Amino acid sequence: MTKTLTKPLTKTVCIKTYGCQMNVYDSARMADVLAPLGYRPVEEPAEADMVLLNTCHIREKASEKVFSELGRLRQLRQAREERGLGRMVIGVAGCVAQAEGAEMLTRAPWVDLVLGPQAYHRLPEMVARLAREGGAQLDTDFPAEPKFDHLPAPGPRGPSAFLSIQEGCDRFCTFCVVPYTRGAEYSRPAAAILDEARALVDQGTIELTLLGQNVNAYHGAGPAGASWSLARLIRALADIPGLTRIRYTTSHPRDLTDDLIAAHAEVPALMPFLHLPVQSGSDRVLRAMNRGHTADAYVTLVDRLRAARPDLALSSDFIVGFPGETDAEFEDTLSLVGSVGFIQAYSFKYSPRPGTPAAAMPRQVPEAVKAQRLARLQEVLNTQQILFNRRCVGLEIDVLLDRAGRRPGQLLGRSPWMQPVHVAAPAATLGRARRVLIVDGQPNSLAGRLVSPEIPPDQVANAGPGTARALA
Ligand code: 5AD
Ligand code: SF4
């Protein structure tokens with residue numbers, strides 16, 4: 001992390017984030033990088049001297065959204081100029097910028113900055129060059145030197161923060177653009193991660209979510225040179241005083257090692273919730289996706305995780321209508337869902353992405369069939385989620401109260417299993433983990449009341465015993 005001199009915050013930047021949690025992290029880091037240039041973050045593009053779209057390329061819909069938003073920004077810029085407010089800088093960051101590169105400037109020639117996910121530490125240079133020379137600035141290189149070495153210390157992020165520890169992916173699932181947009185797997189050195197974690201905890205963070213496209217493939221250099229696994233890193237993070245909750249996402253089943261399963265059994269701060277995408281329940285489809293595991297292997301892994309941590313709950317990603325997927329193969333996905341039981345999930349219609357092997361596969365599935373399968377799958381997944389939320393009623397769990405609620409006197413928090421929980425609580429408990437009795441379970445959230453508001457946050461580690469029954 002580099003030290004920087006800070007100017008007064010006289011300019012405004014609006015960073016709009018699309019896509020995954022890593023983009024949320026990257027957007028916060030872009031704000032950190034721009035702060036020394038005098039940029040203060042704002043919510044509304046109309047108020048901003050600079051608007052950055054941090055984009056997602058994972059599915060066609062996400063990607064196309066960027067171009068309609070750029071059209072709106074062009075009009076906004078014109079309206080601002082007519083009001084004499086000066087020229088708005090428009091930038092595109094993230095995975096669409098990486099994938100489209102110079103093409104971006106052909107489709108939207110009014111864009112000033114195009115920068116890939118590995119280039120945002122060079123934003124200050126790009127902004128300076130733009131001011132000096134004018135003309136669009138493009139940077140989609142994968143630098144030999146990792147960007148993390150050039151980022152300033154993070155600003156305050158609140159009680160729950162993201163921390164990127166790994167980026168890129170070497171798995172090459174045949175449907176996925178990530179290995180092309182984010183590049184080869186890279187793991188940050190453990191010491192840099194521990195420093196960043198301590199800096200966040202010093203500023204009030206008590207929960208960290210470790211991020212990576214394939215986070216459990218983490219193998220960063222340890223302080224003594226030899227590489228550390230994710231499990232080793234989690235154990236070291238759990239030793240930081242004040243850091244009471246640790247999560248990690250997104251994991252690949254093939255990289256979920258024995259030592260990580262052991263960490264789930266032995267590290268109380270490691271939350272009992274795991275996003276472990278399976279994508280499909282059909283072995284033939286899983287092979288065509290190049291996932292490297294069978295449906296049975298996934299179920300066995302889940303059994304082992306639950307044996308290690310009985311209150312562990314799972315979420316997953318699913319793709320329906322992968323090329324060649326038959327009705328019977330889709331039924332295999334439904335039966336896997338039935339036998340595993342997910343408390344939450346994301347499911348998508350397969351979207352062919354340019355340059356990926358699956359886009360060129362024969363027997364693409366018609367949209368109407370994809371839509372029918374998605375609706376059926378989502379019905380089953382929603383039912384599982386609702387049942388789980390209802391079974392939580394009557395449990396006492398620890399809730400991290402991390403934002404204001406909808407109504408006065410109410411705070412919103414997260415359960416150990418990531419459910420949003422509405423709690424009537426004094427404002428002074430904002431940013432704390434508190435024991436809460438769950439009194440209502442709705443499809444997408446829980447409601448609860450404080451049990452013992454006097455418990456200090458550092459003595460409240462996790463869901464605690466007895467919660468496994470909600471999962472039974
Ligand atoms: N089409 C549909 N869904 C996709 N995902 C990734 N690529 C595609 C695609 N081409 C989904 C996967 C992945 C999640 C982040 O997005 O389920 O786990
Ligand atoms: Fe994409 Fe995840 Fe597969 Fe990597 S493991 S190619 S990020 S779906």
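Here are a few things to note about the model shown:
- Considering only Val365, Gln385, Cys173, and ranking their Cα positions along the charge dipole of the chain that arises from unit charges at the beta-carbon of Lys, Arg, Asp and Glu, the one farthest toward the positive end is Gln385.
- For region 148-300, DSSP calls about 20 percent of its internal beta bridges antiparallel.
- Using a probe of 1.4 angstrom and keeping all protein chains present, the accessible surface of region 138-235 works out to 36 square angstrom per residue.
- Shape call, region 11-139: gyration tensor on alpha carbons, a/c limit 1.5: rounded
- Sorted peptide list for 411-419, 23-31, 364-372, criterion being average Cβ within 10 angstrom, highest first: 411-419, 23-31, 364-372
- Extents of the chain, largest first, come to 64, 60, 50 Å (Cα atoms, principal axes, whole angstrom).
- In the chain, the DSSP beta bridges split such that about 30 percent are antiparallel, to the nearest 5.
- A viscosity of 1.002 mPa s and a temperature of 20 °C, combined with the Kirkwood radius over C-alpha pairs in the Stokes-Einstein formula, give region 147-390 a diffusion coefficient of 112 µm²/s.
- Under 5 Å, built H, 5+ apart or other chain: amide partners of Gln344: Ser316
The values are calculated or read from the model by the stated rules, or taken from the named source; none is laboratory data. This structure is a prediction, so every number in the text was calculated from the model and none was measured. Using ideal geometry, Cβ is built from the backbone for each residue, glycine included, and neighbour counts are taken over all protein chains shown. The accessibility values were calculated without ligands, DNA or RNA, using every heavy atom of the protein model including side chains. Shrake-Rupley method; radii C 1.70, N 1.55, O 1.52, S 1.80 Å.
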